[in-house]
Amino acid sequence: MHKLNILKALHSVEDSKASRAWTLLSNALSLCQTLGYHRLSNSRRGTGGGQDAQKQLFWAVFGYESGLSLRLGRSSGIRD
């Protein structure tokens, strides 16, 4: 679900719908945090490729959300 939110958000930015993208990215960031993708080690989620994909997904969402927050003049949903 959160991967789909990211794709929708990127499409929304391309269509100049920044507030819609903001909503989708905020939702994706919330899901990543709820699932623990932001933690350095998460033994519940396993090891290897799955954990690497979770880290990459979190950092992609974080980067897009941080950039969009600067563009819109809003505060980011996660502290640096």
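The values are calculated or read from the model by the stated rules, or taken from the named source; none is laboratory data. Small disclaimer: the values here were computed from a predicted structure and weren't measured. As a convention, Cβ positions derive from the backbone with ideal geometry for all residues, glycine included, and neighbour counts pool all protein chains shown. With ligands, DNA and RNA removed, areas are computed over all heavy atoms of the protein, side chains included. Shrake-Rupley method; radii C 1.70, N 1.55, O 1.52, S 1.80 Å.
Give the ranking of His11, His38 by solvent-accessible surface, highest area first, calculated with a 1.4 Å probe. Working shown, then result.
On the way: His11 110, His38 70 Å².
Result, largest first: His11, His38.
Highest-first packing order for the peptide set 69-78, 24-33 is 24-33, 69-78, based on the mean count of other beta carbon atoms within 10 Å.
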